[in-house]
Amino acid sequence: MNAETKYDSRADTLAHIDRVQTLIQTAINNLSCRAVLHDLSKLDEPEKSCFDECTIKLKSIPYG
């Protein structure tokens with residue numbers, strides 16, 4: 001690029017915007033999947049029976 005050629009940042013900025021949107025959408029999709037799957041195992045054994053027993057006990061303990 002010589003002194004007479006003006007740089008137009010439009011293409012680079014649009015590419016940056018697209019890249020950021022893609023990365024953010026990927027993070028959103030990953031978090032959405034994790035939100036759905038995170039606690040599913042708590043409804044199956046051996047976790048379910050432990051939660052049945054311990055949740056009542058834990059509710060009676062003051063936090064902090």
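The values are calculated or read from the model by the stated rules, or taken from the named source; none is laboratory data. Everything quoted here is computed from the prediction, not taken from an experiment. The area values use the complete protein model at the heavy-atom level, side chains included, leaving out ligands, DNA and RNA. Shrake-Rupley method; radii C 1.70, N 1.55, O 1.52, S 1.80 Å.
Nearest 10 degrees, 0 to 90: what angle lies between the long axis of helix 10-37 and the longest principal axis of the chain (Cα atoms)?
For helix 10-37, the angle is close to 10 degrees.
Output wanted: per-residue J couplings in Hz (rounded whole) for region 41-47, from phi through Karplus 6.51 cos²θ - 1.76 cosθ + 1.60, θ = phi - 60°, x for Gly and Pro.
Karplus values, whole Hz, x for Gly and Pro: 5, 6, 9, 10, 6, x, 5.
Any chance you could count the Lys pairs in the chain whose alpha carbons are under 27 Å apart, treating pairs 8 or more apart or on different chains as valid?
For the chain, qualifying lysine pairs total 4.
Between (1) 3, 13, 9, 10, 10, 9, 8, 7, 6, 6, 5, 4, 3, 3, 3, 0; (2) 4, 18, 33, 29, 13, 2; (3) 4, 18, 29, 27, 17, 4, 0, which entry matches P(r) over Cα pairs in 5 Å bins from 0, in percent as derived from the coordinates of this structure?
It is the one labelled (1).
Could you tell me the accessible area of LEU40 in Å² (1.4 Å probe, neighbours in place), rounded to the nearest ten?
Near enough 90 Å² of accessible area.
May I ask you to give the solvent-accessible area per residue for the chain, in square angstrom, as obtained with a 1.4 angstrom probe?
98
How large is the accessible surface of ASP52 in square angstrom, using a 1.4 angstrom probe and rounding to the nearest 10?
90
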